[in-house]
Amino acid sequence: MSAGTQTFSAEALVPGQRVRLLALETTKSKWTSVLIGCRPGRYLVIEVPRVNGLPIVLEERSQWSINFINRGQIYYFSSEIIASISRPFALAFLSWPAKVEISNLRTDKRYPVNIPVTMHQAEGSCEIVAKGLLLDLSWGGCLAASTVELPDQMPLAMTMYLDSNNIIEGLLVEKKGSRIQQGTFYTGLSFMTTNKSEIMDRLTEFLSDIESIPLRL
């Protein structure tokens, strides 16, 4: 569900959150960077993406489509490179967007939870990629907190430790977006449609139990 075109607000910008860039001109380059800061109404500052440890060249006046995720919403806007510096750090300055498109990442109701989880690659190695904590849960996905960043390019298998006698194992998830704040990675995950029916049945049962809990004031 889209929230439509809105005036851009600096409140959505959190230093350390990941942003994705797509070139709008001849070469459709795609890059991922990190927001450093901004001067509201004037410009955004991002780290220059690197290849083999070296910063890429972002040409001044080049046009880019930018998107990032914050608090369950995805932001889209167009911007251009207005300047860049290489010292003391490789940074790029982007023009402040006049308008931004905002869409909900998850439209399902979210339930606050506190569930320990472990994650490993969905295929191949069973080595644990990360340990974390689910902070919210919905019918379509969840928000996980971890001290290490989850990989972008691979589906993950998640084990949820609901209690000592209730574990949901092998739930396939894919990363939709993340941000880092004070050393913690907050990652939005969606449940994949390829999950086994018996796993989804257990998740459905758990969510139904949450929904059936009466509100206590």
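The values are calculated or read from the model by the stated rules, or taken from the named source; none is laboratory data. Note that this is a predicted model, so its numbers are computed, not measured. We place every Cβ from the backbone using ideal geometry, glycine too, and count neighbours over all the protein chains shown. Accessible surface is based on the protein model in full, side chains and every heavy atom, while ligands, DNA and RNA are left aside. Shrake-Rupley method; radii C 1.70, N 1.55, O 1.52, S 1.80 Å.
Summary table
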quantity	calculated
Value of relative contact order over the stretch 93-171, rounded to a whole percent, pairs C-alpha under 8 Å and six or more apart	27
Computed E for L207/Q63 - FRET, C-beta separation, R0 41 angstrom, nearest 0.05	0.45
Per-residue [θ]222 nm for the chain (sum of -39500 (n - 2.57) over DSSP H runs n ≥ 4, rounded to 500)	-2500 deg cm²/dmol
Relative contact order (%) - the stretch 20-83, alpha-carbon pairs under 8 angstrom, separation at least six	28
Degrees, to the nearest 10: 197-212 long Cα axis against longest axis of the chain	90
Shape call, the stretch 143-217: gyration tensor on alpha carbons, a/c limit 1.5	oblate
Length added when fully stretched, R87-N195, from 0.36 nm per residue minus Cα-Cα	34.1 nm
Percentage relative contact order, the chain, counting C-alpha pairs under 8 Å, at least six apart	15
Heavy-atom accessible area order for S84, S164, S103, largest first, 1.4 Å probe	S164, S84, S103
